[in-house]
Amino acid sequence: MPTPERLPSIVIVGRPNVGKSTLFNAITGQRRAIVGDEPGITRDRIYGEAVHRGRRFEVIDTGGIIPDEAELIPAEILKQARVALESAAHVIFVVDGRSEITGIDRELAAMLRRLGKPVALAVNKIDVASREVLAHEFHALGFEHLFPISAEHHQGIDEMLDHVTAGFSAAEAAGVEPGTRRIKVAIIGRPNVGKSTLLNALTGQERSIVTPIPGTTRDAVDETVVREGVEYVFVDTAGIRRKGKTKLMAEKLSVVMARRHIRMANVALLVLDATEGVLGHDATVAGYAAEEGRSLILAVNKWDAVEKPDKKAFIRKIRDELKFLDYAPVAFVSARAGRGIDALYPLIRRCYEAASQRVTTGELNRFVESLRIEPPIKIYYVTQPSVRPPTFVLFTDRAGQLHFSAERHLVNRLREQFGFEGTPVVVKVKPRGRRG
């Protein structure tokens, strides 16, 4: 397959809390980046796509940059921003129009001038005409193209994008080949189990910030990999904490965003820490994916760091602690060392295909004839109205749900007969003659 031609990219940069994420959301038309008043909320670079006057392009929201900052997180943010800037077609440098030019603004301006990329200076938070005169003071930063905007109120953005996208082609950009299957995978787990490291290993590049500090990832970042005709879109969600224990606003929002990305995904990859075993919070996180009916794979990370590795014993522990996930396959990996990573791709594909499987009415009728359920219930016929997750409706001689043990027996028989690896199976009961 030929390598798909990348969309031209616009990179949004600026010091913390000047409105970069709000501008990203305004341009892309989606609430993808977390927005709030707490400085430094965006740490990773966040990708989105947008179209302006028929010109399609990629938008990248970088973390709030603090040049030459000694702290680990800001240094990683700067590193991530530089990766994005190297491939940028145009840069939007955002400053706060309500404040004076800061030293960090001047340092960033100098860095961007050295980079040699086209730069549009977006003077943000200019939401009334009387403030436009203040915007022109920012010409002192040395950029010719200055645009007073209000990202929050969507003012001035079209004029800025007219300039920024002027050199972009209005023709449809090349993407993956038509008909390519697309599987969206949410990488989930509690903080610091190695989700970002796993994303980097899967995609072969440093895409998420990886540090030993728990909860480093707050936003969700994604990356696309095409393998053997399948397009895998990996989303590294922020480390999920229980809502009651997320004191900072950004962490609370991260839980909401992570659950949203699970909802939008086809397959969830739950990362467990082999050195810590299975904890109660792992079950909580897995429960989110199960509630949404998503296919699930248990990726036991840091397996190379276990002193006396025993896969069979670890799987028994998983099955004991996570009884409701008896259908989820287990993969042992070391994201940092890159071990076991390649085996995840066919596993993801099989789980997606299992969740998408539809059983014919004839097969289901033959299945019902061989079915024996206790306590006895007469099943007239079974239909499968939907997939992802596979959902079956039993038309019976009585109303109400099956007894728990009977439902479990039925689901196990469906798995034995038809597979359904890695996916929940939903069973509903209706008395014959009822519609809807």
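Some points to look at:
- Pairs linking a residue in region 83-98 that is open to solvent by 10 Å² or more (accessible area, probe 1.4 Å) to a residue that is part of a helix (DSSP H, G or I), with Cβ atoms under 9 Å and 6 or more positions apart or on different chains, are E86/L115; A89/V164; H90/H163; H90/V164; D96/D105; R98/R131; R98/L134.
- R339 in contact (Cβ under 8 Å) with a residue 24 or more places away in the chain, open to solvent by 50 Å² or more (accessible area, probe 1.4 Å) and more than 22 Å from F418 (Cβ to Cβ): yes
- Counting only strands (runs of 3 or more DSSP E) that fall entirely inside region 321-413 and contain at least 3 residues that are closer than 30 Å to P309 by Cβ, the qualifying elements are 330-332.
- Qualifying residue in region 141-154 (condition: touching a strand residue (DSSP E or B) at 6+ places or on another chain (Cβ under 6 Å), over 13 Å from V13 (Cβ atoms) and open to solvent by 50 Å² or more (accessible area, probe 1.4 Å)): yes
- Take the conditions (1) at negative phi; (2) out of contact with any strand residue (DSSP E or B) (no Cβ under 6 Å at 6 or more places or on another chain); (3) surrounded by fewer than 22 Cβ atoms within 10 Å (Cβ to Cβ); (4) of a type outside the set (S, T, N, Q); G293 misses just one of them, which is (1).
- Condition met for S370 (surrounded by fewer than 16 Cβ atoms within 10 Å (Cβ to Cβ) and farther than 30 Å from F234 by Cβ): yes
- Here T396 passes the criteria (1) open to solvent by 70 Å² or more (accessible area, probe 1.4 Å); (2) touching a strand residue (DSSP E or B) at 6+ places or on another chain (Cβ under 7 Å) except the one numbered (1).
- Unique match (being closer than 19 Å to T165 by Cβ, modelled with pLDDT of 85 or more and polar (S, T, N, Q)) among S9, S87: S9
The values are calculated or read from the model by the stated rules, or taken from the named source; none is laboratory data. Since the structure is predicted, the reported quantities are computational estimates derived from the model, not experimental observations. So basically every Cβ, Gly included, is an ideal-geometry build from the backbone, and we count neighbours across all protein chains shown. In case anyone asks, the SASA skips ligands and DNA or RNA and just uses the protein heavy atoms, side chains included. Shrake-Rupley method; radii C 1.70, N 1.55, O 1.52, S 1.80 Å.
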